[in-house]
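Q: Sharing a structure below in structure tokens format, with a few things to ask.
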Amino acid sequence: MSQLQEVSVDQYRHLVSERALTGETMLLNMGPQHPSTHGVLRLLLELDGETVISCIPDIGFLHTGVEKNMEAKTYQKAEVMTDRLDYMNTMGNNLAYVMAVEKLVDLDVPVRAQALRVILSELQRIASHLVWLGTSGLDLAAMSMFLYCFREREQILDIFELVSGQRMMTTYFRPGGVWRDVPVEFEKAVRDFIKIFPRRIDEYETLLTKNPLFLDRMLGIGKLEAATALSHSVTGPMLRASGVNWDLRKARPYMGYEQYDFNVPVHTEGDTYARYLVRVQELRESLKIVEQALNKLPLGPVRSDNRKFVPPPRSEIGTSMEALIHHFKLWTEGFPAPKASIYSAVESPRGELGVFLEGDGGPKPYRVHMRTPSFDNLSPISKMVKGHLVADLVAILASTDIVLGDIDR
Amino acid sequence: MEAKLEPIVKTLQAKFGGSFEEFRGEVHYFIQPAQIVEALTLLRDQHQFELLSAQTAVDYWPQTSPRFHVIYQLSSLAQNITLQLRVPVNGDSPTVPTATGVFDSANWRERELLDMFGIQFEGHPDPRRILMPEDSDGHPLRKDYPLGYEEPQFTFNFEDIDLRKPYAKE
């Protein structure tokens, strides 16, 4: 492993054109350390002048063996691994995982916890889209977008810090509810955000949506047909930009999403600009959900009182022997889950985030598979960039909104 | 079982035999490796299962026949239902026909299964490792592959451990 390996083009013979073998076209390595690959992604490009003939993605630089690690931890402890997959969507990853655990052991979640989960995961969606908007603006030389977007994202991360103590690796949702109730300052912090944010979206749109330079770079670039997208299992905003109206929040509502009134933006062009429009419109829709959920945030407990799965409150441990036993058992052994498997999915900012969870009757998962949306969303990249310029490849890659932690796991 | 799924499962049973399990409203249908491509094509073309949501595997080592289950999680957008196909595979030279002809997403997913479980997919157009380095040994998600750990180095044993540590020494 310590020696440099020499590889020949023969290894990629089946992936590049005949002209690459004679040296007529050039093979160029882009990444893994390249600012516009949004992480550690390596693309092997075959170029004819500046035109991309073929593109061979090479992933795995951020592979950390999360799935294997989770098999060695109890159900509660494995949750912290999920934050580290898609680090732009930590709340959403927690949600997908705890929902899978709840489905496997058949655990109910109180309504207040459900509403809090909705508010926080929609704020997370906004934060994630802001990072996408900022960085893809940066890739297309709109430097100020990056600064504006990160200013608003900071406000959301402050809310996360307020509720969970952490800005990014929150682990705030727990099987059976949330870690603890939100502090009193929470409502004001979210209301402040709801108040300023619509104006800020208008600001972004004035800068980009009708900007001729931006349109030149986006319109008609990187087309993805609906049939290709489905065959590649592309989901989320990318699929909706190709004209397929599919959103798990509408199709299979979870956590009470059916109570909220929101639209699912769909565009049919399937190009980079359509993907931009879908995500920018989703910012407004997510804000609508946050506002509605906050307006009717119910009072009540935030954790299930099923003591076989959820630890008792701290106050009870000093006075009740049973509470102490439950606490001790849950944190030393964990809870057992049935010998069965389930698949549960949520709509993450990038698409269908699914968790395949198999139990073996013991306190540790026998197998966890995270079906991460970025993995499939990247796979049609070689079809999308064919025939475009290298500069367009940057725009197309930005519009897929991948997170390498999500791809490599 | 959901009402919309019942006729589909009946069609599968009439055509392929095989059994199914149900848990929390999900249907897991067991099918032989040789029939999987036909079954996926039938489900995609006749029953509108357009989306291969996930493709993964489970290792039941030390059990050897079957040692693996290859799992195909299908979603139908039009009917809003899901169905899971499970293919039991034996431990010695596990081989399944590739599904890349039916779903393009199977290409990367099968490379991942080859990498992580060492399951071969017959007829795969690009059978290379995907996540692990090309020169790595073994298949990490197999149950007989130990979860690695690093020996902590202290001042008194720093050099002893350094000598047997498997990393670049230059």
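Q: Determine, yes or no, whether residue A:73 is over 17 Å from residue A:342 (Cβ atoms), touching a Gly at 6+ places or on another chain (Cβ under 8 Å), outside any helix (DSSP H, G or I) and not β-branched (Val, Ile, Thr).
A: no
Q: What are the pairs, 6+ residues apart or on separate chains, where a residue within segment B:13-38 that is within 13 Å of chain A (Cβ to nearest Cβ) has its Cβ under 6 Å from a residue that is of a type in the set (Ser, Thr, Tyr) and surrounded by fewer than 14 Cβ atoms within 10 Å (Cβ to Cβ)?
A: Hits for this filter: B:30/B:19.
Q: Among (1) assigned to a helix (DSSP H, G or I); (2) under 30 Å from residue B:144 (Cβ atoms), where does residue A:21 come up short?
A: (2)
Q: Let me ask something additional. Does residue A:79 meet the test of being among the charged types (D, E, K, R), within 14 Å of chain B (Cβ to nearest Cβ) and either surrounded by 20 or more Cβ atoms within 10 Å (Cβ to Cβ) or under 24 Å from residue A:117 (Cα atoms) (or both)?
A: Spelling it out, it is not the case that residue A:79 is among the charged types (D, E, K, R), within 14 Å of chain B (Cβ to nearest Cβ) and either surrounded by 20 or more Cβ atoms within 10 Å (Cβ to Cβ) or under 24 Å from residue A:117 (Cα atoms) (or both).
Q: Right, another one. Take the conditions of a type in the set (A, V, I, L, M), more than 14 Å from chain B (Cβ to nearest Cβ), crowded, with 21+ Cβ neighbours inside 10 Å and outside any helix (DSSP H, G or I) and apply them to residue A:234. Does it pass?
A: For residue A:234, the condition - of a type in the set (A, V, I, L, M), more than 14 Å from chain B (Cβ to nearest Cβ), crowded, with 21+ Cβ neighbours inside 10 Å and outside any helix (DSSP H, G or I) - is not met.
Q: Taking the condition of being part of a helix (DSSP H, G or I) and closer than 19 Å to residue A:398 by Cα, how many residues in segment A:202-227 meet it?
A: Of the residues in that region, 11 qualify.
Q: Of the residues A:309, A:328, which is over 23 Å from residue A:188 (Cα atoms), in a helix (DSSP H, G or I), among the hydrophobic types (A, V, I, L, M, F, W, C) and more than 14 Å from every other protein chain (Cβ to nearest Cβ)?
A: From the options A:309, A:328, the qualifying one is A:328.
Q: Within segment A:358-409, work out how many residues are basic (Lys, Arg) and over 20 Å from residue A:89 (Cα atoms).
A: Looking only at that region, the number is 4.
Yes/no matrix, rows are residues, columns are (1) of a type in the set (A, V, I, L, M); (2) out of contact with any Lys or Arg (no Cβ under 8 Å at 6 or more places or on another chain):
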residue	(1), (2)
A:62	yes, yes
A:66	yes, no
A:85	yes, no
A:105	yes, yes
A:121	no, yes
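Q: Could you count how many residues in segment A:324-353 are at pLDDT below 90 and of a type in the set (Asp, Glu)?
A: 1
Q: Sticking with this structure for a sec: Scan (1) in contact (Cβ under 8 Å) with a residue 60 or more places away in the chain; (2) part of a strand (DSSP E or B); (3) at the interface with chain B (Cβ under 10 Å from one of its Cβ atoms); (4) among the charged types (D, E, K, R) for the single condition residue A:383 breaks and write down its number.
A: The number of the failed condition is (2).
Q: Taking the condition touching a Leu at 6+ places or on another chain (Cβ under 8 Å) and within 14 Å of another protein chain (Cβ to nearest Cβ), does residue A:297 pass?
A: no
Q: Test of understanding: among A:46, A:67, which residue is in a strand (DSSP E or B), surrounded by 20 or more Cβ atoms within 10 Å (Cβ to Cβ) and not hydrophobic (A, V, I, L, M, F, W, C)?
A: Within the list A:46, A:67, the selection yields A:46.
Q: So is residue B:34 surrounded by 14 or more Cβ atoms within 10 Å (Cβ to Cβ) and not hydroxyl-bearing (Ser, Thr, Tyr) or not?
A: no
Q: Looking only at segment B:1-12, filter to residues that are within 30 Å of residue A:105 (Cβ to Cβ) and outside any loop (DSSP other than H, G, I, E, B); which one of those is nearest to the other protein chains (Cβ to nearest Cβ)?
A: Among them, the one singled out is B:5.
Q: May I pose another question? Is it the case that segment A:313-322 has a residue that's at pLDDT 90 or above and crowded, with 18+ Cβ neighbours inside 10 Å?
A: For segment A:313-322, residues at pLDDT 90 or above and crowded, with 18+ Cβ neighbours inside 10 Å: absent.
Yes/no per residue for (1) surrounded by fewer than 17 Cβ atoms within 10 Å (Cβ to Cβ); (2) facing chain A (nearest Cβ under 8 Å); (3) touching a Ser or Thr at 6+ places or on another chain (Cβ under 6 Å):
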| position | (1), (2), (3) |
| --- | --- |
| B:92 | yes, no, no |
| B:99 | no, no, no |
| B:104 | no, yes, yes |
| B:108 | no, yes, yes |
| B:117 | no, no, no |
| B:124 | no, no, yes |
| B:130 | no, yes, no |
| B:135 | yes, yes, no |
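The values are calculated or read from the model by the stated rules, or taken from the named source; none is laboratory data. Please read these numbers as outputs of a predicted model, since none were measured by experiment. Note: ideal-geometry Cβ built from the backbone for every residue, glycine included; neighbour counts use all protein chains shown.
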